[in-house]
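Note sheet for the following structure.
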Amino acid sequence: MAATVGILWSVMGGAHAAENAPHLAPATMRATGLDGKARLLPLRASRATVLVFLLSDCPVCNRYAPEIQRLEADYRRQGVDIDVVYEDSDLTRTQALRHAKAYGLTCGLLYDPAHMLARQAGAGSVPEAVVLSSDGAALYHGRIDDRFQHFGMANPAPAHRDLRSALDSVLTGAPVAVTQTPVVGCVIPKD
């Protein structure tokens, strides 16, 4: 429902992300899991924390569910914590859990219907990824990859895997070369 109202074309999504992108994330952000338990982010024990913001009814987000799971499987054993953040205003925890199960999302699942975490992280669109260092610095902000050039138009395979490139840089101690990319998807509601 929210996604059908908030569809963005990539240039607009990029401008929105640039406008809201944090130059320095708060050192600590509060989050709530779908289990109702409070968490502090980023996880200090992790080499990096990735927040992937999504709306359950956004078709672009749902197309990325398998890649989010591959990212989680590939980077968890390297000390990276990957969390999906449900931004739907009208989605219950039970519905979010049902969505996660239907799409095979077994990574961390956070619930942000009031969009507090999205505002703190500077996320305005979905599926938007934010990579935080263990001390809370925002290292990357943007798309997962460039498979979608425009809403509704997907390439068979991405040419640039931006989130993976950022994580690989973080893990090797190199600076992230591209710290921000445009997001093609849906707008996080401002309610």
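The values are calculated or read from the model by the stated rules, or taken from the named source; none is laboratory data. Remember, predicted model here, so these are calculated numbers, not experimental data. So basically every Cβ, Gly included, is an ideal-geometry build from the backbone, and we count neighbours across all protein chains shown.
Modelled with pLDDT of 95 or more, surrounded by fewer than 22 Cβ atoms within 10 Å (Cβ to Cβ), among the aromatic types (Phe, Trp, Tyr) and within 30 Å of residue 36 (Cβ to Cβ) - does that describe any residue in the stretch 91-106?
The answer is yes; a qualifying residue exists.
Scan the stretch 56-63 and give yes if some residue there is within 18 Å of residue 166 (Cβ to Cβ), in contact with an Asp or Glu (Cβ under 9 Å, 6 or more places away or on another chain) and either assigned to a helix (DSSP H, G or I) or not aromatic (Phe, Trp, Tyr) (or both), otherwise no.
No; the residues of the stretch 56-63 include none that is within 18 Å of residue 166 (Cβ to Cβ), in contact with an Asp or Glu (Cβ under 9 Å, 6 or more places away or on another chain) and either assigned to a helix (DSSP H, G or I) or not aromatic (Phe, Trp, Tyr) (or both).
Quick check on residue 121: is it modelled with pLDDT of 95 or more and closer than 22 Å to residue 167 by Cβ?
No.
Quick one: which helices (runs of 4 or more DSSP H) lie wholly within the stretch 84-191 and hold at least 1 residues that are farther than 19 Å from residue 74 by Cβ and more than 12 Å from the chain's Cα centre (by Cα)?
In the stretch 84-191, the matching helices (runs of 4 or more DSSP H) lie at 93-102, 116-121.
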